[in-house]
Amino acid sequence: MIAGGPAIVLVRPQLAVNIGMCARAMANFGLEDLRLVAPREGWPRHDDHRDTAYAAAAGAGYVLEGATVYATVEEAVADLNFVWATTARERGQGKPVLPPSIALGQSAAAIAIGEKHGILFGPERTGLDNDDVALADGVVTFPVNPAYASLNLAQAVLLTGYEYFRAAQGDALPFVATEKSTPANREMVISFFEFLENALEERGFFRPIGKKPLMQRNLRNMFHRMQLTQQDVRTLWGAVVRLVEGPRTSVQTRKRTGPKQTPKKIRAPETDVTPE
């Protein structure tokens, strides 16, 4: 399990559901230090607030269980070496202003050598006030549509968490596509081309005849761009056979195999078009 990262400091959050959604966003990217400054509804004041937050956390209840509550921002950031403040507005305080991709990259490097960093997020309705921002070392702002720059609280936590995770863990994906069929060799592909082109020739596709070489090249290049696998060729071959010969009948007993890999004299097979 990946854990650690900067402290997420929610300053005077107004709704329990948003606290839960922030916890979920934190868990997505391995963040676990959630700090709440004077939450309006208390933490938790009533069982229904607690239930709302845990439902919104969607399995990230361990983040909520570890949350700490502070009366002031000063208390919440007292043990941190560096603090970012998030805001959509220029505050005129002479602090460095960075996008999250750069700011969280700097934090990831510092955290890796033992520093403690945190990020301040303001109340849902108003954001951080100037006194809150004054406690920070730098400002993080998001490159968004200037006509609608306001972000949902959990969205802001999600974006910063994503950038921290990328900087700390890299861009390795949790899974990659697996190739279920090996690439078709040239002999197999050319055999399919010859069968297809013969079927098209019989039905008058290559007209006017003077353009046949160009049309053949265009067809072949189109299929080459697909980087066909053996299963792709079998499936395409089977589809063309059915278009040429019509539906299967009960008396058809040919063995269902892929095309033989011998050019020119190859016979179109009955193929299984189900992927391997």
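We did not get these values from a lab; they are worked out from the coordinates using the rules stated. Please read these numbers as outputs of a predicted model, since none were measured by experiment. Quick reminder, even Gly has a Cβ in these numbers, built from the backbone with ideal geometry, and neighbours come from all protein chains shown.
Based on the Cβ-Cβ distance of Ala88 and Asn130, what FRET efficiency does E = 1/(1 + (r/R0)^6) give at R0 = 22 Å, to the nearest 0.05?
Given R0 = 22 Å and the Cβ-Cβ separation, E is 0.95.
Taking the beta-carbon count within 10 Å as an exposure proxy, list Ile19, Ile102 from fewest neighbours to most.
Ile102, Ile19
Let me make sure I get this right: for the stretch 122-247, a, b and c are the square roots of the gyration tensor eigenvalues over alpha carbons, sorted descending. Under 1.5 in a/c it's rounded, otherwise prolate if a/b > b/c, else oblate. Which is it? Walk me through the intermediate numbers first.
Numbers: a/c = 4.32, a/b = 3.15, b/c = 1.37.
It is prolate, given that a/c is not under 1.5 and a/b is the larger ratio.
Taking H placed 1.01 Å from N in the peptide plane, check which residues at least 5 places from Ala7 or on another chain put their amide H under 5 Å from its amide H.
Residues meeting the criterion, in which the H sits 1.01 Å from N, are His117, Gly118, Ile119.
Kindly express, to the nearest 10 degrees and within the range 0 to 90, the angle between helix 16-28's C-alpha long axis and the longest C-alpha principal axis of the chain.
It works out to around 50 degrees.
Based on Cα coordinates alone, diagonalise the gyration tensor for the chain, multiply each eigenvalue by 5, take square roots, and list the semi-axes in whole Å, largest first.
The equivalent ellipsoid of the chain has semi-axes of 63, 22, 17 Å.
Working out 0.36 nm times the residue gap between Arg203 and Ala58, then minus their Cα-Cα distance, what length gain in nm do you get to one decimal?
Result for the pair: 46.3 nm of gain on full extension.
Work out the length of the dipole vector of the chain about its Cα centre, built from +1 on the beta-carbon of each Lys and Arg and -1 on the beta-carbon of each Asp and Glu, and round it to the nearest 20 debye.
That gives a dipole near 2480 debye.
What distance in nm separates the two pseudo spin-label positions at Asp171 and Leu243, each 7 Å out from Cα along the beta-carbon direction?
Here the answer is 3.8 nm between the modelled labels.
Total Lys pairs in the chain closer than 29 Å by alpha-carbon, pairs eight or more apart in sequence or interchain only?
12
Could you point to the residue in Met226, Gly138, Ile209 farthest towards the positive end of the chain's charge dipole, with +1 and -1 charges on the Cβ of Lys/Arg and Asp/Glu respectively?
The listed residue farthest towards the positive side: Ile209.
How big is the gap, in Å, between the Cα center of the stretch 184-230 and the Cα center of the stretch 120-143?
Comparing the Cα centres of the stretch 184-230 and the stretch 120-143, I get a distance of 62 Å.
I want to check the label-to-label distance for Lys116 and Leu98. Put each point 7 Å from Cα in the C-beta direction and report it in nm to one decimal.
2.0 nm
Magnitude of the Cβ-charge dipole of the stretch 71-185, K/R +1 and D/E -1, about the Cα centre, nearest 20 debye?
Magnitude of the dipole: close to 400 debye.
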